[in-house]
Amino acid sequence: MQIDLASARSMVELQRSMTSGTLSAAQNLGTVESSGDFASVLTSMMNSGTSIPSGTTVKLAPGVTWEDGLLWQQLGVADNEEQTTEQVTASSSVPVADHSEVASVRSTYEELIAAAGEKYGVPTSLIKAVIDTESSFNPSAVSSAGAKGLMQLMDGTARGLGVSNSFDPAQNIEGGTKYLSYQLQKFGGEIAMALAAYNAGPSRVTRLGVTNDEELLAQSHQLPAETQAYIHKVMNARTKYEA
């Protein structure tokens, strides 16, 4: 069989792009390779964290009760590593946009984020950082695990939070912020612990037997590498949105 020069060139370029993509994915997966690196980076970022006000009251969806903070199980979502709110982030499904486009998109949701943050006692910088990490502010993002929208809500969790349409930015930000506030309340306002729970499930964090972010750092090697990377990414993103 004969292959003309143009076809041969196309095949070579395709092979190069595939190889480059594989290397890039491998590098991304290796963002946080050791608990030591994770701990040192997170320690420097945690100092700027803001705990939610004590006594914050959260209204649950009809038929959902708060019993000993076990909202995860009550939402009808199995508490395991395959059924988190956003176990697989939507970055792979989000097209890359230039800085001006991203800035414009972010400003579109400012009022929704501010309202949700005030309602549930969650710092707006943290909400923005979660949205940035989860979906790059793409309201139509869908992860390979089925998490949807700006804050990547799984269907079962969304229903428990009273969200009927995860692709509606107003509902998604409202529900995602509400869920994040549950984790902050459950873990005493500890930001890293709440983020670990948002990513890997609260019982995963509870099983570590830690009570604050410092203790979490000491046990960070017991968290999935993805969760370690997730916390690092959100903490890093948060610095961009703090006044």
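Every read-out reported here was derived from the displayed coordinates using simple, explicitly stated rules and does not represent laboratory data. Predicted model, so just to flag it, every value in this text is computed and none were measured. Glycine also receives a Cβ, built like all others from the backbone with ideal geometry; neighbour counts cover every protein chain displayed.
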Among the lysines, select those whose C-alpha is under 16 Å from the C-alpha of residue 119, and discard any that sit fewer than 8 residues away in the same chain. 59, 128, 178
Within 10 Å of each residue's Cβ, count the other Cβ atoms and sort 231, 113 from fewest upward. 113, 231
Per residue, the convex hull enclosing the Cα atoms of region 134-243 spans a volume in Å³ of 109 Å³
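For 239, 227, 124, which order do you get if you count the other beta carbons within 10 Å of each Cβ and list the fewest first? List each step's numbers first, then the result.
Details: 239 11, 227 25, 124 18.
If I rank by nearby Cβ atoms, fewest first, I get 239, 124, 227.
In what sequence do 110, 190, 242 fall when counting other Cβ within 10 Å, fewest first? Before the final figure, lay out the partial values.
Working: 110 11, 190 24, 242 14.
The fewest-first ordering by Cβ neighbours comes to 110, 242, 190.
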